Amino acid sequence: MRKHLAAAVYYFLSIILFPVTLAGYVIWVGKGLLSWRSSGVSGTAQGPLSARFFEHRLGTREDEPAYRLMIALPNVPPLGLRLFAWPMLLAHRVTGFVPKAFRYPFEGDVPPQYQASARVTFFDAALDRYLTGVAQFVILGAGFDTRAYRLPKETQVRSFEVDAPKTQALKRETLEKAGIDATGVTFVAADFEKEDWLAQLVAAGFDPKQPTFFLWEGVTVYLEKEAVEGTLRKIASMAKGSVVAFDYFTTEPLESRALYWRYARAGTAAAGEPLKFGVDSTPPSRERLVELLQACGLSLVEQRTLGHETEGKRAWGGFAIARV
């Protein structure tokens with residue numbers, strides 16, 4: 001009963017304060033769209049960081065580097081962020097209620113709007129399980145991910161971040177501005193669709209003969225099919241025991257006329273990063289994923305389908321772990 005009352009009060013306050021939230025959203029996203037497109041920096045990279053920022057502020061997942069990075073980013077207007085966050089944080093302080101979008105660990109079915117928290121839960125767990133058995137940790141399309149700065153001091157792995165040059169340059173500048181220690185990370189600038197990222201990685205000191213954990217989060221959907229398959233094949237050429245954890249869409253979000261997916265496609269296109277890739281959604285989509293991985297030389301170890309597959313409904317995505 002108390003839980004239901006807390007939720008009711010939380011949403012009542014959220015509705016009352018919605019004009020403040022909306023004003024913050026317009027300022028925040030408006031400036032973001034203008035600055036991301038003109039700067040050539042990935043606009044979609046801020047989405048996962050925003051989710052972790054709010055999880056940290058709501059006390060569900062500690063991530064001090066994400067908090068500090070978020071408030072230091074030059075493309076995030078302080079007023080917009082403050083106005084957007086204030087109603088949520090006030091309602092949380094009054095009730096103790098946490099909206100499902102920011103619960104951690106995330107449990108239950110995963111609607112598309114909650115994918116960020118479900119994704120971070122899946123990949124955090126994968127990192128905990130597999131990192132002890134590898135010598136290297138590589139984040140592909142790292143964006144504003146902060147996991148490499150949060151590894152336990154006793155972790156004996158070498159960490160690398162691979163990302164597009166302009167996005168990575170902004171991140172490194174902001175890390176320094178925020179006072180976040182990134183000395184244990186090797187940064188490698190490479191464009192997945194235009195450059196040989198593996199050659200750049202090896203040139204930076206990566207050893208392909210050592211088992212490696214590759215984290216590829218929130219990236220595949222923005223790449224052409226050839227780039228996705230090429231990346232998987234490169235990972236398949238790594239040392240035995242290497243693992244890649246990644247998320248994906250099926251072709252459903254790329255083709256659906258549902259309002260949510262139409263809005264999602266328009267939003268990513270406006271940010272200069274349209275949705276491009278999806279695994280064949282023909283049921284069962286898990287089998288379509290297995291076929292893709294096998295064709296690229298990898299074996300599926302673990303997978304979670306997102307969306308209910310029925311005769312008239314198709315899965316919209318999934319999380320996966322594959323091994324060399």
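Could you please find all residues in region 170-209 being of a type in the set (S, T, N, Q), within 15 Å of TYR149 (Cα to Cα) and either buried (at least 17 other Cβ atoms within 10 Å of the Cβ) or in contact (Cβ under 8 Å) with a residue 12 or more places away in the chain (or both)?
So in region 170-209, the residues of a type in the set (S, T, N, Q) come out as 174, 183, 186, 200.
Cutting the leftovers down to within 15 Å of TYR149 (Cα to Cα) gives us 174, 183, 186.
Residues satisfying the conditions are THR174, THR186.
Just name the residue that is nearest to ASP191 (Cα to Cα) out of those in region 267-312 that are surrounded by 14 or more Cβ atoms within 10 Å (Cβ to Cβ) and among the hydroxyl-bearing types (Ser, Thr, Tyr).
Here is the first cut: in region 267-312, the ones surrounded by 14 or more Cβ atoms within 10 Å (Cβ to Cβ) are 267-268, 270-281, 283, 285-286, 288-290, 292-293, 296-298, 300-307, 309.
If we keep only those that are among the hydroxyl-bearing types (Ser, Thr, Tyr) as well, we get 268, 281, 285, 305.
Working: THR268: 18, SER281: 27, SER285: 29, THR305: 29 Å.
Looking at residues that are surrounded by 14 or more Cβ atoms within 10 Å (Cβ to Cβ) and among the hydroxyl-bearing types (Ser, Thr, Tyr), I get THR268.
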Taking the condition of being within 26 Å of LEU151 (Cα to Cα) and of a type in the set (Gly, Ala, Ser), how many residues in region 63-85 meet it? 2
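Please state which one of LEU215, LEU254 is surrounded by 15 or more Cβ atoms within 10 Å (Cβ to Cβ), outside the structural domain of GLY47 (by TED's automatic domain parsing), touching a residue at least 24 places away in the same chain (Cβ under 8 Å) and more than 27 Å from ASP124 (Cβ to Cβ). Even if it seems obvious, please write down each step before you answer.
Details: LEU215 fails: more than 27 Å from ASP124 (Cβ to Cβ).
From the options LEU215, LEU254, the qualifying one is LEU254.
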Kindly indicate the residue of region 59-114 that is among the aromatic types (Phe, Trp, Tyr) and touching a residue at least 24 places away in the same chain (Cβ under 8 Å) and also nearest to VAL41 (Cα to Cα) among those meeting that condition. PHE84
Of those in region 1-60 that are β-branched (Val, Ile, Thr) and in a helix (DSSP H, G or I), the residue nearest to TYR222 (Cα to Cα) is VAL29
Qualifying residues in region 139-169 (those that are of a type in the set (A, V, I, L, M, F, W, C) and farther than 17 Å from VAL243 by Cα) - the one surrounded by the most Cβ atoms within 10 Å (Cβ to Cβ): PHE144
Exactly one of ARG147, ARG129 is charged (D, E, K, R) and closer than 13 Å to PHE214 by Cβ, and that residue is ARG147
Residue check, GLY272 modelled with pLDDT of 95 or more and over 22 Å from ARG314 (Cβ atoms): no
Any idea which of (1) modelled with pLDDT of 95 or more; (2) in a loop (DSSP other than H, G, I, E, B) is the one LEU69 doesn't satisfy? (2)
Restricting attention to region 155-186, which residues are over 20 Å from the mean Cα position of the chain (by Cα), closer than 23 Å to TRP197 by Cβ and not hydroxyl-bearing (Ser, Thr, Tyr)? VAL157, ARG158, GLU173, GLY184
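Quick one: in region 239-251, which of the residues that are of a type in the set (A, V, I, L, M, F, W, C) and closer than 24 Å to ARG286 by Cβ is surrounded by the most Cβ atoms within 10 Å (Cβ to Cβ)?
Let us first name the residues in region 239-251 that are of a type in the set (A, V, I, L, M, F, W, C), namely 239, 243-246, 249.
Filter once more, keeping what is closer than 24 Å to ARG286 by Cβ: 243-246, 249.
Details: VAL243: 24, VAL244: 26, ALA245: 22, PHE246: 24, PHE249: 24.
In this case the residue turns out to be VAL244.
The values are calculated or read from the model by the stated rules, or taken from the named source; none is laboratory data. As the structure is a prediction and not an experimental result, all values here were calculated from the model. Quick reminder, even Gly has a Cβ in these numbers, built from the backbone with ideal geometry, and neighbours come from all protein chains shown.
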